[in-house]
Amino acid sequence: MGKFTKWIAGGLGWAFLGPIGGILGFVVGSMFEDNSQLTTTKTTTGHGPSTTTGGYVMSLLVLVAAVMKSDGKVLKSELDYVKAFFVRTFGADSAQEAIKLLRDLLNQNIPVTDVCHQIQKNMDYSSRLQLLHFLFGIAQADGKVDVSELELIDHIAQNMGITSKDFESIKSMFVANTDAAYKILEIESSATDEEIKKAYRKMAVKYHPDKVSYLGEDFQNAAKEKFQKVNEAYNQLKKERNLV
């Protein structure tokens, strides 16, 4: 049993119910010879909804499939890009498992809004932010984020309960614009030096990898990229304004 399979087997929890379970149920059932391997152990953050690694993985794969299908076609090159993304993030064996599941999902009709509502209800906010970051990473895997992909990710963010400021912050990490550094820190270009410093401290806490440590080392390591983007934005503004 590989890593992705173990994640799902070890902590399906809430994701096995509702639309996500309906979409992935037949796939999950074929992954195990003995249904007794399926447990619903929960991992909690200590506050808010309970989040399981298995539920997180299932949510990620379903939403990735939806984004890939958003332009009406799925190319082999896109699958190759996604596989490379998973290899970088989780390793070759896990990437192979993920792509196998993803191929099945791409043949299904995905009720995106219902899926997002289930995620909002059951997944903590930090994990939802990391999901959004993953989706932008997948969308940009071919070097650009298409309009159809951006519109769908915006829809996903709204229905997962992501604030507009957090959406723009993560979007600016992938879609270039003149005020990207300010948007990442969720401030205006007219912000004072002190406001920039205060915003950086706030975002450094919000996007710190420890926020998703309960999902395991792989996802915590993946969260470091988002944290690094915050640091890069702050360093850029420090250089532009000669901040000390």
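Taking region 78-123, which residues are of a type in the set (Gly, Ala, Ser) and not in a helix (DSSP H, G or I)?
Residue satisfying the conditions is GLY91 alone.
May I ask you to say which residue of LEU63, LEU75, LEU79 is under 15 Å from GLN130 (Cα atoms) and either over 12 Å from the mean Cα position of the chain (by Cα) or of a type outside the set (Asp, Glu) (or both)?
LEU63
Pick from region 132-148 the residues that are more than 27 Å from GLU188 (Cβ to Cβ) and assigned to a helix (DSSP H, G or I): which of them is modelled with the lowest pLDDT?
That would be ASP142.
Does region 70-77 include one or more residues that are in the same structural domain as GLU149 (by TED's automatic domain parsing), among the basic types (Lys, Arg) and not in a helix (DSSP H, G or I)?
Scanning region 70-77 turns up at least one residue that is in the same structural domain as GLU149 (by TED's automatic domain parsing), among the basic types (Lys, Arg) and not in a helix (DSSP H, G or I).
Of all residues in region 155-170, how many are within 17 Å of ILE184 (Cα to Cα) and surrounded by 15 or more Cβ atoms within 10 Å (Cβ to Cβ)?
The total comes to 7.
Out of LYS224, LYS206, LYS202, LYS238, which single residue is outside the structural domain of TYR125 (by TED's automatic domain parsing), in contact with a helix residue (DSSP H, G or I) (Cβ under 6 Å, 6 or more places away or on another chain) and either exposed (fewer than 14 other Cβ atoms within 10 Å of the Cβ) or of a type in the set (Lys, Arg) (or both)?
After applying the criteria, what remains is LYS224.
Does any residue of region 122-141 turn out to be among the hydrophobic types (A, V, I, L, M, F, W, C) and over 17 Å from the mean Cα position of the chain (by Cα)?
No, the conditions are met nowhere in region 122-141.
So which helices (runs of 4 or more DSSP H) are wholly in region 172-244 and hold at least 1 residues that are farther than 30 Å from ASP142 by Cβ and aromatic (Phe, Trp, Tyr)?
193-206
Could you list, ordered by first residue, the pairs with Cβ atoms under 8 Å in which the first is in region 64-87 and over 20 Å from CYS116 (Cβ atoms) and the second is outside any helix (DSSP H, G or I), at least 6 apart or interchain?
Hits for this filter: VAL74/LEU106.
Which pairs have Cβ atoms under 9 Å, sit 6 or more apart or on different chains, and link a residue in region 94-108 that is on the phi > 0 side of the Ramachandran plot and modelled with pLDDT under 85 to one that is of a type outside the set (Gly, Ala, Ser) and part of a loop (DSSP other than H, G, I, E, B)?
Taking only residues 6 or more apart or on different chains, not a single pair turns up.
Going by the structure shown, is SER126 hydroxyl-bearing (Ser, Thr, Tyr), under 15 Å from SER59 (Cβ atoms), in a helix (DSSP H, G or I) and in contact (Cβ under 8 Å) with a residue 24 or more places away in the chain?
Taking the combined requirement at face value, the residue satisfies it.
The values are calculated or read from the model by the stated rules, or taken from the named source; none is laboratory data. Please read all numbers here as calculations on a predicted model, not as lab measurements. Cβ sites come from the backbone with ideal geometry, for glycine too, and all protein chains shown count toward neighbours.
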